[in-house]
């Protein structure tokens, strides 16, 4: 199975998509923050970024979901900064403190090709939202030089449907983290408004484009939706409503990684309700609810 960008789009069409994305960047509306920052003139948006791309690392990653990792690793590119401001972020040095180095479009395309040469199974764009136009620019250059790996859009779920539609036929695997079903908690702990309705619309659009996750006979993800949900202490996320949405409005065949690895980090110590790990019973309650709703793919229901 070829990547969507080779199956469905010409280079001319890809250039048109890139131009449309750059138009959204002028007074930035790339993400639902719609901060209107003139990032191309050097202003920083809610993502703390201008139009200059910064990345923190590039390389095969073996800590992702098994269908992404395969035998040779997921080819991750970690982008600096984020359109969310999560108080408990475990990658806060990258997402909040701006750790990373500036790269040109040519260098970014070269990183994609390097990951392919190293045998990675995909190009895994980690926190890509705020750099989407530049990523498509780099992708075009990489395609011209022989890139043929599927693209993974690994994001926090706070995505603009307008932007996602411009990625239709470009992204093979969408991997959103559905963080909350409770808007007041999304605002308090991640600094964004209307998160729940926004993420529901975004995930529906992602699923419309790529469907349920398809995995090859070798166990490698090829195309589709892979959802992550990190369980937080004291049900800060509203996990059961997240599960209900996935099962009832997306698909019971959704590949869902219910994550139990939360640990207090960054500013978690400011919030007593966040300043501990989750208990086994908190995790089991979410998993049991997922099973009751008919979900089976992607999580360990033996814990």
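The values are calculated or read from the model by the stated rules, or taken from the named source; none is laboratory data. These numbers come from a predicted model, not from an experiment. Glycine also receives a Cβ, built like all others from the backbone with ideal geometry; neighbour counts cover every protein chain displayed.
The single condition among (1) touching a strand residue (DSSP E or B) at 6+ places or on another chain (Cβ under 9 Å); (2) within 26 Å of residue 259 (Cα to Cα); (3) not in a loop (DSSP other than H, G, I, E, B) that residue 138 does not meet is (2).
Scanning region 1-44 for residues that are assigned to a helix (DSSP H, G or I), touching a residue at least 12 places away in the same chain (Cβ under 8 Å) and within 26 Å of residue 81 (Cα to Cα) turns up 14, 15, 17, 18, 20, 21, 22, 24, 25, 26, 39, 40. Restricting attention to region 170-217, which residues are under 21 Å from residue 297 (Cα atoms), over 17 Å from the mean Cα position of the chain (by Cα) and not in a loop (DSSP other than H, G, I, E, B)? If the condition is that a residue be under 21 Å from residue 297 (Cα atoms), over 17 Å from the mean Cα position of the chain (by Cα) and not in a loop (DSSP other than H, G, I, E, B), then 214, 215 are the ones that fit. Here residue 153 fulfils each of the conditions (1) assigned to a helix (DSSP H, G or I); (2) in contact with a strand residue (DSSP E or B) (Cβ under 8 Å, 6 or more places away or on another chain); (3) buried (at least 19 other Cβ atoms within 10 Å of the Cβ) apart from (1).
Take the conditions (1) at pLDDT 95 or above; (2) in contact with a helix residue (DSSP H, G or I) (Cβ under 7 Å, 6 or more places away or on another chain); residue 265 misses just one of them, which is (1). Here residue 88 fits the description: modelled with pLDDT of 95 or more, under 30 Å from residue 298 (Cβ atoms) and over 16 Å from the mean Cα position of the chain (by Cα).
Screening residue 90 on (1) surrounded by 17 or more Cβ atoms within 10 Å (Cβ to Cβ); (2) at negative phi shows it passes everything except condition (1). Just one of (1) touching a residue at least 12 places away in the same chain (Cβ under 8 Å); (2) assigned to a loop (DSSP other than H, G, I, E, B); (3) surrounded by fewer than 21 Cβ atoms within 10 Å (Cβ to Cβ) fails for residue 83. It is (3). Total residues in region 93-127 satisfying the condition of being surrounded by 23 or more Cβ atoms within 10 Å (Cβ to Cβ) and either in a loop (DSSP other than H, G, I, E, B) or modelled with pLDDT under 95 (or both): the figure is 5. Within region 256-270, does at least one residue satisfy the condition of being over 18 Å from the mean Cα position of the chain (by Cα), surrounded by 15 or more Cβ atoms within 10 Å (Cβ to Cβ) and either without any contact (Cβ under 8 Å) to a residue 12 or more places away in the chain or not in a loop (DSSP other than H, G, I, E, B) (or both)? There is at least one residue in region 256-270 that is over 18 Å from the mean Cα position of the chain (by Cα), surrounded by 15 or more Cβ atoms within 10 Å (Cβ to Cβ) and either without any contact (Cβ under 8 Å) to a residue 12 or more places away in the chain or not in a loop (DSSP other than H, G, I, E, B) (or both). Scanning region 228-255 for residues that are touching a strand residue (DSSP E or B) at 6+ places or on another chain (Cβ under 6 Å) and within 26 Å of residue 97 (Cα to Cα), we see that the one that is surrounded by the fewest Cβ atoms within 10 Å (Cβ to Cβ) is 230.
Residues in region 52-70 that are more than 24 Å from residue 106 (Cβ to Cβ) and either touching a residue at least 12 places away in the same chain (Cβ under 8 Å) or touching a helix residue (DSSP H, G or I) at 6+ places or on another chain (Cβ under 6 Å) (or both): 62, 64, 65, 66, 67, 68, 69, 70.
Condition check ((1) within 22 Å of residue 172 (Cα to Cα); (2) buried (at least 16 other Cβ atoms within 10 Å of the Cβ)) across all residues:
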{"site": "5", "(1), (2)": "yes, yes"}
{"site": "11", "(1), (2)": "yes, no"}
{"site": "17", "(1), (2)": "yes, yes"}
{"site": "20", "(1), (2)": "yes, no"}
{"site": "33", "(1), (2)": "no, yes"}
{"site": "43", "(1), (2)": "no, no"}
{"site": "55", "(1), (2)": "yes, yes"}
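Being surrounded by 16 or more Cβ atoms within 10 Å (Cβ to Cβ), over 19 Å from the mean Cα position of the chain (by Cα), in a loop (DSSP other than H, G, I, E, B) and at negative phi narrows it down to one residue among 50, 71; which is it? Result of the check over 50, 71: 50. I'd like the full set of residues that are more than 13 Å from residue 246 (Cα to Cα) and crowded, with 23+ Cβ neighbours inside 10 Å, limited to region 194-209. Scanning region 194-209 gives a single hit, 195.
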